[in-house]
1. Treating each Cα of the stretch 105-188 as an identical point scatterer and ignoring solvent, apply the Debye formula and state log10 I(q)/I(0) at q = 0.12, 0.17 Å⁻¹.
2. Once Rh is set to the Kirkwood radius over Cα pairs, what Stokes-Einstein translational diffusion coefficient, in µm²/s, holds for the stretch 17-81 at a temperature of 4 °C and a viscosity of 1.567 mPa s?
3. What is the sum of charges, Lys and Arg at +1 and Asp and Glu at -1, for the other residues whose Cβ falls under 13 Å from the Cβ of residue 170?
4. Taking R0 as 25 Å, what FRET efficiency do you get between residue 98 and residue 176 from their Cβ-Cβ distance, rounded to the nearest 0.05?
5. Give the Cα extents of the chain along the principal axes, in whole Å, largest first.
6. List the trypsin sites (Lys or Arg not before Pro) in the stretch 131-187 that DSSP assigns to loop (not H, G, I, E or B) and whose Cβ has at most 12 other Cβ atoms within 10 Å. Which are they?
7. Between residue 85 and residue 33, what is 0.36 nm times their sequence separation minus the Cα-Cα distance? Round to one decimal in nm.
8. Using a 10 angstrom cutoff on alpha carbons, build the Gaussian network for the chain and name the most mobile of 111, 126, 30.
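Read-outs: derived from the displayed coordinates by stated rules, not from any lab. Because the structure is a prediction, the values reported are computed rather than measured. All Cβ positions, even for glycine, are placed from backbone atoms using ideal geometry, and neighbour counts span all protein chains on display.
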Amino acid sequence: MDAYLFDLGNVLMGFDHRIFCRRLAAECPPWHEDDIVRIVFQSELNRGFEIGRIGGERFYQEARSLLGFTLSLDRFREIWCDIFWENPGMAALLRSLRGRARLVLVSNTNPWHLEYTRSRYTILEPFDKLVLSYEVGAVKPEARFFEAALEAAGTSPDRCLYFDDLEENVEAAARLGVPSVLFRLFAP
């Protein structure tokens with residue numbers, strides 16, 4: 001293989017959006033966890049942040065408007081970001097692959113989560129390229145996202161190996177000729 005493409009969430013790092021929803025609900029009665037899931041994640045709000053259509057401050061303002069909370073931007077951002085844990089075996093794997101093949105991170109994410117991950121973990125250090133939904137303006141499983149990933153890989157699709165935790169993403173990459181592996185991470 002010339003390039004390895006890794007998803008961040010639930011491959012390299014475990015994460016759970018419901019941690020955010022539970023914590024926000026605890027600080028923002030009368031909302032419940034499921035209300036916040038619906039308002040933030042089953043609407044266009046999170047997607048707009050992940051594809052870079054809105055920035056962090058606007059994301060906060062829109063969430064505040066929809067939910068009516070009085071949390072500061074800093075507190076909201078802290079709750080939003082503190083949802084990750086490292087999969088310890090993946091850091092060692094990435095270090096062992098570094099220099100043997102091109103390493104490309106391919107992630108549906110937002111700038112706050114990326115900054116948080118970089119500031120607290122070393123998992124992203126071995127990567128040659130980062131392909132991020134908020135920079136590409138598209139999310140997996142959209143073809144445009146995977147085209148950007150293949151460009152970053154700098155090789156033909158059949159010379160890549162892709163790891164993701166979502167079947168629809170693995171299938172989309174495979175349709176473009178990228179050998180793909182459905183990865184399962186178990187929470188600690």
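1. -0.36, -0.72
2. 111
3. That works out to -3.
4. Values: r = 25 Å, r/R0 = 1.00.
Using R0 = 25 Å, I get an efficiency of 0.50.
5. 52, 31, 24
6. 184
7. Result: 16.7 nm gained on full extension.
8. Looking only at 111, 126, 30, the largest GNM fluctuation is found for 30.
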